[in-house]
Amino acid sequence: MAMSLTSTAPSLAQRFSSAATAVARRAPTRHIAGVALPAGVQPAAIRVERSRSRRDGETTSQTAVTMWFGQGPALPGAGSQATVLRGALRLGAGVLGAAAVAVLTSVAAEREARLEAMRPRRISAGG
């Protein structure tokens, strides 16, 4: 189950927090991302997205907070070990690929020079 809050003004998020606090006033509360939740409720994942738009001299700012309760989405965490390992492997493959191209270019140049030296040359009588 996903609950999403989208606001075009910061005051909307503050009003949501105040409403959540009022609902859970009698139960012990905990605050997550500025939202008061009853003690037994714990989100599985929280995503905060911000976007800004500029058009025709107007600027708008939007913040979206999405909370998953129960089972969250199957997303990797920020800077997870798999992401770092994947980046390192890509970097290593890129360096090895560049080195292989350099070696093959050198070998091809040497072969071309050898073939050029072995070709018979025509001597023409000037005239």
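We did not get these values from a lab; they are worked out from the coordinates using the rules stated. Keep in mind it's a predicted model, so treat the numbers as computed, not measured. Neighbour counts are summed over all protein chains in view; Cβ atoms, including those assigned to glycine, are modelled from backbone coordinates with ideal geometry.
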Using θ = phi - 60° and Karplus 6.51 cos²θ - 1.76 cosθ + 1.60, couplings along region 94-111 (whole Hz; Gly, Pro as x): x, 5, 5, x, 5, 5, 5, 5, 5, 5, 5, 5, 5, 4, 5, 5, 5, 5
Sites ARG52 and VAL84, calculated FRET efficiency, Cβ-Cβ separation with R0 22 Å, nearest 0.05: 0.15
